[in-house]
1. Once you place label points 7 Å from the Cα toward the Cβ at residue 34 and residue 11, how far apart are they in nm?
2. At 0.36 nm per residue, minus the direct Cα-Cα distance, what do residue 22 and residue 4 gain on full extension? Give it in nm, one decimal, please.
C-alpha cells in the first residue's frame, strides 16, 4: 500500500513540475494567465503540490522561509498569545 502511495505522490510531483516548466508553451493552461487575479491560481496550486510532494519524500524547503535569530539559527515557531491569564 505504501508503494502505491509513493508512486501516486511521485507522479503528481512530476506532473506538477512539468506544468510549472510550461513545456506546452502556454497551450495547455487550466486557467488562462490573462484573467486578472485568477490567472495565476493554477500555477500557485501546482507549486503548492510540488512543494508538498518534495516534503513527502523528505526534502524540506521550509528552512528557506524561517526567520533567523540573532545567532543565525532559525527561530522556533512561537505564538504571541498569552495563555497565562
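1. Rounded to a tenth, the inter-label distance reads 3.5 nm.
2. 3.8 nm
Only the coordinates and a few stated rules stand behind these numbers; no lab work does. Bear in mind that the values here come from a model prediction, so they are computed numbers and not experimental data. Because the Cβ atoms are built from the backbone with ideal geometry, glycine has one as well, and the counts that use them run over all protein chains shown.
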